[in-house]
Structures are given as C-alpha cells and as structure tokens.
Amino acid sequence: MSNKVFLLLVLVLPFAVFGYGYPASFGIGTSLVGFDAVTASTGGVSSLDVGGSTLMLNPSGLGLLRSARVQTGVGPVLCKESVETPFGMFNISSIALGSVGFTAAFPLLDGLGAGFGVVRRSDFSYTGEYYDTIIEGADTVIVFEQQNNSGSVWDASAGVGTRIMNGLYAGAAVGYLFGSGTLDYYHDTSIDTSYTIVETWDESALAYRAGLTVTIKRARIGAAYSSGMDKYPARASFGAVLGDMTAWEPSIGVDTEVLFPGDSTRFTARIFGGTLLSGNELYGRASLFLFSSQGTDAREGTGLSLGASLKVAAGLDFDAAFSWTSEKRNGDTFGGYTDQASVTDTNSGITFGMTWKP
C-alpha cells in the first residue's frame with residue numbers, strides 16, 4: 001500500500017471498528033437473542049415454552065403441546081461500536097447475520113411430544129481497522145492494521161417431552177453442537193513489508209439438554225440445563241410465568257440464565273410478558289433484560305425485545321421481533337488506545353419468521 005493511500009485513509013477514516021464485539025469474537029462469541037421471532041421477542045427466554053423453539057431451550061415443553069408446530073426464523077443484526085478516546089470519539093456501523101432457525105414439534109399422545117430442529121446459537125463476527133502515525137526520527141511512519149473474525153456455532157437436535165405426573169413434565173434432547181471460525185489479521189506500514197496471520201478453529205461436541213416444567217393452575221415454573229463446549233459454554237436457566245403464552249393468554253414472567261464458560265459465570269436476567277393486541281388476530285410480546293458482557297473491566301449490558309405474531313391464515317402466523325442490546329467496557333478494543341478507550345457496543349436485531357400449526 002502506497003504512502004499516499006495510507007495518508008488518505010488516516011485523514012478520512014482514523015479509526016473504524018464494527019461487529020458484535022471485539023472480546024466476544026475471540027472468546028465465546030455473541031449468544032443470539034432467540035432462534036426464531038417468537039423467542040427473540042421475549043429476549044431469548046430459555047427456561048419455559050413461550051411458543052417458540054422449546055426443543056432447543058427446555059424440551060419438557062414438548063409434553064405440553066396441544067398441536068403440531070413448525071417454526072422458522074431468520075434476520076440480520078445492525079451493529080454499532082463507539083470508541084471514546086482522549087483523541088476523540090469514533091463510530092461505525094455494519095450489518096451481520098443474526099438468528100437462524102428451523103424447528104418442528106408435534107404431540108404423539110396426550111402428555112407426550114417430540115421435536116427436531118437446527119438453529120444458529122452464537123456468532124463470532126468482527127471486523128476492525130486501525131490507522132496511526134508514528135514518528136521515528138525524521139520519518140513519519142503510517143501504520144495500518146486490520147482484523148477480520150468470523151464464525152458460528154450451530155445445534156442440530158431431536159428430543160422428547162412427557163408428563164411424569166399431574167402438573168409435572170420432563171424432557172430431554174440430544175444432538176450435535178458444532179462450529180468453526182477464522183481470525184484473519186493484516187499488518188502493514190509505509191516502511192515495512194506487510195504480513196498476514198490467519199488462525200482457524202473448529203469444534204464439535206455431543207449436545208444434550210434436559211428440563212422440567214411444573215404447572216400450577218395458570219402458573220408455570222421451569223428449569224433447564226444445556227451442555228456446551230469451549231466456544232459455547234454450558235448453561236442453566238430458571239423461570240416462572242403466569243399465563244400460557246403458547247395459547248396467547250395475557251402473561252408475565254421472569255427468567256434467569258447462567259453461563260459457565262470456565263473462568264467465571266455470566267448471567268442474563270429477564271422480565272417478559274405477552275398480551276393480545278387486536279381481537280384474536282395479533283399477539284404482542286416484550287422483554288427487558290440485563291446480562292454480563294465479556295472483556296476486561298466489562299460492565300453489565302442491558303437489552304429490550306419487542307415482537308408480535310399475526311394470524312394470516314388458519315393455522316399460520318407471521319412472526320416478527322426487534323431486539324436491542326447495549327454493553328460498555330473499558331479497554332479491549334482493536335488497535336490502539338487499549339488502556340484509554342471507553343467502548344460501547346450497540347446491536348439491533350430484526351427477526352422474521354412463520355409459525356405453522358397443521
């Protein structure tokens with residue numbers, strides 16, 4: 001790269017970073033807020049069946065199915081990273097792949113159900129660019145660094161849920177947890193030969209999860225555990241809800257999820273609810289949540305999810321959701337200002353999908 005090109009880049013784009021987040025792309029990735037529009041609209045509730053991918057969250061919900069349910073969901077995430085340094089504030093936005101999922105669940109007998117599916121569980125996307133000038137004697141050296149990270153963790157599973165006794169349901173699922181990613185680093189200066197460092201990772205493991213659901217009149221209490229691997233740690237969740245969201249009843253609940261990445265635990269706490277918005281044709285959902293973010297001197301992140309399902313035909317719903325998260329940390333940013341930067345990652349996800357009840 002010529003000196004003139006370097007100088008132009010420095011003047012026009014002094015610092016540019018985008019993605020889900022720098023520490024997450026090297027660590028355990030960014031867990032997706034739901035696998036379809038229904039679960040995304042509740043902030044990713046994982047302890048109870050809210051009408052979405054219960055197989056992939058708490059399989060005991062399969063035992064409560066009233067009818068077959070086929071769901072799909074896909075959507076992008078709009079990302080913004082703001083880096084505040086002693087030299088100014090730098091912002092850039094981008095787009096990345098968000099939730100992707102397909103699940104099918106169906107009752108076999110009264111109190112017995114089964115399901116299968118494939119979902120995308122986490123993302124490792126990140127791209128950072130850093131430009132700087134260094135004075136070496138009488139020379140001004142232009143430095144350019146670039147980091148491109150990518151990758152995903154997927155889950156393909158099947159499971160069953162059954163009624164153990166009146167008001168108590170249990171479920172289990174097994175499958176395959178797999179993922180791969182690439183870390184691509186490029187370095188160039190106006191006086192040295194450029195070089196590239198590429199690292200890849202590939203990981204897979206047996207996936208299993210188990211869950212319980214207790215029903216007491218209009219209340220449901222749930223607990224679930226999911227296995228993991230290095231790039232997708234094991235997690236447990238607990239929650240309770242008043243009202244049956246799968247039947248589009250007015251509902252309100254709480255949910256807590258704990259991750260066990262090996263070095264320390266991380267958590268997500270949610271309050272969520274749902275209600276009919278227009279007759280019997282439109283059902284809305286919402287969630288507020290707090291979560292532990294990754295990185296040195298990381299602070300708690302906050303999030304909001306909103307969504308709705310619209311009956312478009314007999315047995316067919318159109319689902320949509322919007323999710324927003326924001327997390328702050330000091331340091332842990334690509335390029336310079338490592339000890340001086342205050343970083344804010346803001347992600348906005350949009351998910352669209354369909355629910356078919358044949």
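The values are calculated or read from the model by the stated rules, or taken from the named source; none is laboratory data. Here the structure is a predicted model, which means the values were calculated and not measured. Quick reminder, even Gly has a Cβ in these numbers, built from the backbone with ideal geometry, and neighbours come from all protein chains shown.
What the table below lists for this structure:
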{"read-out": "For SER47: the one exception among (1) of a type in the set (Ser, Thr, Tyr); (2) out of contact with any Lys or Arg (no Cβ under 9 Å at 6 or more places or on another chain); (3) modelled with pLDDT of 90 or more; (4) more than 21 Å from PRO250 (Cα to Cα)", "value": "(4)"}
{"read-out": "Flag for PHE124 being in contact (Cβ under 8 Å) with a residue 40 or more places away in the chain, surrounded by fewer than 19 Cβ atoms within 10 Å (Cβ to Cβ) and among the hydrophobic types (A, V, I, L, M, F, W, C)", "value": "no"}
{"read-out": "Filtered residue count, region 168-208, keeping only those that are under 26 Å from the mean Cα position of the chain (by Cα) and hydroxyl-bearing (Ser, Thr, Tyr)", "value": "7"}
{"read-out": "Of all residues making up region 40-61, the number that are in contact with a helix residue (DSSP H, G or I) (Cβ under 6 Å, 6 or more places away or on another chain) and aliphatic (A, V, I, L, M)", "value": "1"}
{"read-out": "Any hit, region 236-245, residues being within 19 Å of THR325 (Cβ to Cβ) and out of contact with any His (no Cβ under 8 Å at 6 or more places or on another chain)", "value": "yes"}
{"read-out": "Residue list for region 231-263, restricted to those being closer than 24 Å to THR30 by Cβ, touching a strand residue (DSSP E or B) at 6+ places or on another chain (Cβ under 8 Å) and touching a residue at least 40 places away in the same chain (Cβ under 8 Å)", "value": "LYS231, TYR232, PRO233, ARG235, SER237, PHE238, GLY239, ASP255, THR256, GLU257, LEU259"}
{"read-out": "Any hit, region 80-100, residues being farther than 29 Å from ASN347 by Cα, at pLDDT below 95, out of contact with any Gly (no Cβ under 7 Å at 6 or more places or on another chain) and of a type in the set (Val, Ile, Thr)", "value": "no"}
{"read-out": "Residue in region 243-254 that is among the polar types (S, T, N, Q), closer than 18 Å to LEU112 by Cα and out of contact with any Phe, Trp or Tyr (no Cβ under 8 Å at 6 or more places or on another chain) present", "value": "yes"}
{"read-out": "Flag for ALA68 being modelled with pLDDT of 95 or more and in contact with a Pro (Cβ under 7 Å, 6 or more places away or on another chain)", "value": "yes"}
{"read-out": "ASP155 being assigned to a strand (DSSP E or B) and among the acidic types (Asp, Glu)", "value": "yes"}
{"read-out": "Check on TYR176, in a strand (DSSP E or B), in contact with a Leu (Cβ under 8 Å, 6 or more places away or on another chain), surrounded by fewer than 19 Cβ atoms within 10 Å (Cβ to Cβ) and not aliphatic (A, V, I, L, M)", "value": "yes"}
{"read-out": "Selection count, region 19-38, where residues are under 19 Å from TRP324 (Cβ atoms) and either free of Cβ contacts under 8 Å to residues at least 24 places away in the same chain or surrounded by fewer than 24 Cβ atoms within 10 Å (Cβ to Cβ) (or both)", "value": "1"}
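For (1) among the polar types (S, T, N, Q); (2) in a loop (DSSP other than H, G, I, E, B); (3) surrounded by fewer than 19 Cβ atoms within 10 Å (Cβ to Cβ); (4) at pLDDT 90 or above, each residue gets a yes or a no:
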{"position": "GLY284", "(1), (2), (3), (4)": "no, no, yes, yes"}
{"position": "LEU288", "(1), (2), (3), (4)": "no, no, yes, yes"}
{"position": "THR296", "(1), (2), (3), (4)": "yes, yes, yes, no"}
{"position": "GLY301", "(1), (2), (3), (4)": "no, no, no, no"}
{"position": "ALA308", "(1), (2), (3), (4)": "no, no, no, yes"}
{"position": "VAL312", "(1), (2), (3), (4)": "no, no, yes, yes"}
{"position": "PHE318", "(1), (2), (3), (4)": "no, no, yes, yes"}
{"position": "SER323", "(1), (2), (3), (4)": "yes, no, no, yes"}
{"position": "THR333", "(1), (2), (3), (4)": "yes, yes, no, no"}
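Let's see how each residue does on (1) on the phi > 0 side of the Ramachandran plot; (2) at pLDDT 95 or above; (3) buried (at least 24 other Cβ atoms within 10 Å of the Cβ):
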position	(1), (2), (3)
LYS217	yes, no, no
ARG220	no, yes, yes
LYS231	no, no, yes
ALA240	no, yes, no
GLY243	yes, yes, no
GLU249	no, yes, no
